[in-house]
Amino acid sequence: LDLLTRLVDRSLLSADTSGATSRFRLLESLRAYGLDRLAEAGELEEALAAHVRWCIELAERAEPHLGGEDQLVWLDRIDAEQDNLRAGLAHAATSDPNSGLRLIAALLLPWWFRGRRHDARHWLDVCLAKAPDAPAPIRIKALGMSGLLADAGSAATRPGGLETELELAERRQREAIALGEGIGRPRATMYARLGLIITLIGRSIAGLAYDVDEVTELMTRTGDDFDARGDHFGAGILRSTEAVGAMAAGDLRHAAVATELARAHAAGVILLRGRDDDPP
């Protein structure tokens, strides 16, 4: 801190103390100079790779907290590093696509929460295309979460519109489920099934054909798995999705039951589920 303070005093660093955490930045001219010196020393690639590793570590450290009571704290931390994370993705996409896919897979959920679907979709598509042989656990996470990015807003600018977007999401999520079952990753498979449910409910809301019996079976199986693991976060999203689907179908009583279940999971309580006409 003493060194940083002296550099600020000499106008070699700028300090931003407006937020909860002080942040120090190099002046642009000094940053360019430093990059030139790293390149001359043959150390630039390793420095950039270290930066990518730092981005991955931050994003993956945030993941377990995104479904807990300190969710907003970690979303704010991710928000504060947007420039770093985009720079890390840009470098990894060309120099180490597997690391790029690992990074965007960890960022899909926080970026979805914050409404950054456009950024997330761009980098997901880039990294999936460049890393076809990425390790299966990384692909499962990336493919399984991809359906969160299929929404009417983004579909409006893409060929084929929302139906094509949902079909792409469904293909990716079914691939994730198959991969997860194939390598024995039950938790990853469970979340890929949750993603597929969200996509199929999206088809329902859009007035597109979908298999009602399959959705019912998926919800039952996935709900049982979440309850067995005590995963309130996943179960809460599942029941919220169920409520939206029921509302779209005009079944408000079913929607009320599912909403109450979602609320209970948000509070960390597992309720035994009765019939749709028998609210807990």
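In table form, for the structure just shown:
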| item | result |
| --- | --- |
| Point-charge dipole on Cβ atoms (K/R +1, D/E -1) for segment 153-236, about Cα centre, debye to 20 | 320 debye |
| Sequence ranges 100-109, 65-74, 23-32, 174-183, ranked by mean other-Cβ count within 10 angstrom, highest first | 100-109, 174-183, 65-74, 23-32 |
| Selected from Ala134, Ala206, Ala188 as most flexible by GNM, with the chain as the system and alpha-carbon contacts under 10 Å | Ala206 |
| Ranked by how many other beta carbons lie within 10 Å on average, peptides 223-231, 189-197 from highest | 189-197, 223-231 |
| Percent breakdown of C-alpha pair distances by 5 Å bin, ordered from the shortest bin, for segment 4-49 | 5, 20, 19, 19, 18, 14, 4, 1 |
| For segment 83-108 and segment 169-203, distance of Cα centres in Å | 22 Å |
| Under-5 Å amide H pairs with Leu13, H placed in peptide plane, nonlocal only | Val8 |
| With DNA, RNA and ligands ignored, accessible area of Glu217 (1.4 Å probe; Å², nearest 10) | 90 Å² |
| Residue-wise HN-Hα coupling along segment 56-62, computed from phi with Karplus coefficients 6.51, -1.76, 1.60 (Hz; x: Gly, Pro) | 4, 4, 5, 4, 6, 5, 6 |
| Computed [θ] at 222 nm, helices only, for the chain once each DSSP H run of length n ≥ 4 contributes -39500 (n - 2.57) | -23500 deg cm²/dmol |
| For Ile138, solvent-accessible area (1.4 Å; no DNA, RNA or ligand), Å² | 30 Å² |
| Ranking by accessible area, most exposed first, for Lys130, Lys141 with a 1.4 Å probe | Lys130, Lys141 |
| Karplus-derived HN-Hα couplings along segment 103-114 (A = 6.51, B = -1.76, C = 1.60, θ = phi - 60°), whole Hz, x at Gly and Pro | 5, 5, 4, 6, 9, 4, 5, x, 5, 5, 4, 8 |
| In sequence order, calculated HN-Hα J values of segment 222-236 (Karplus, 6.51, -1.76, 1.60; Hz; x Gly/Pro) | 5, x, 4, 5, 4, 5, 4, 8, x, 8, 5, 4, x, 5, x |
| Rg over Rh, two decimals, segment 161-280 (C-alpha only, Kirkwood Rh) | 0.97 |
| Where Val52, Val126 fall by accessible area, highest first, once all protein chains stay in place (1.4 Å) | Val126, Val52 |
| Exposure ranking of Met219, Met247 by accessible area [1.4 Å probe, largest first] | Met247, Met219 |
| Diffusion constant of segment 66-168 at 37 °C, which comes from Stokes-Einstein with the Kirkwood Cα-pair radius and 0.692 mPa s, µm²/s | 232 µm²/s |
| Apportionment of accessible area to carbon and sulfur, the chain, percent (1.4 Å) | 54 percent |
| Listed values (1) 19.2; (2) 20.8; (3) 20.0, entry calculated as Kirkwood radius over Cα pairs in Å | (2) |
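The values are calculated or read from the model by the stated rules, or taken from the named source; none is laboratory data. Computed from a predicted model, the values in this text were never measured in an experiment. Using ideal geometry, Cβ is built from the backbone for each residue, glycine included, and neighbour counts are taken over all protein chains shown. Ligands, DNA and RNA are excluded from the accessible area calculation, which covers all protein heavy atoms including side chains. Shrake-Rupley method; radii C 1.70, N 1.55, O 1.52, S 1.80 Å.
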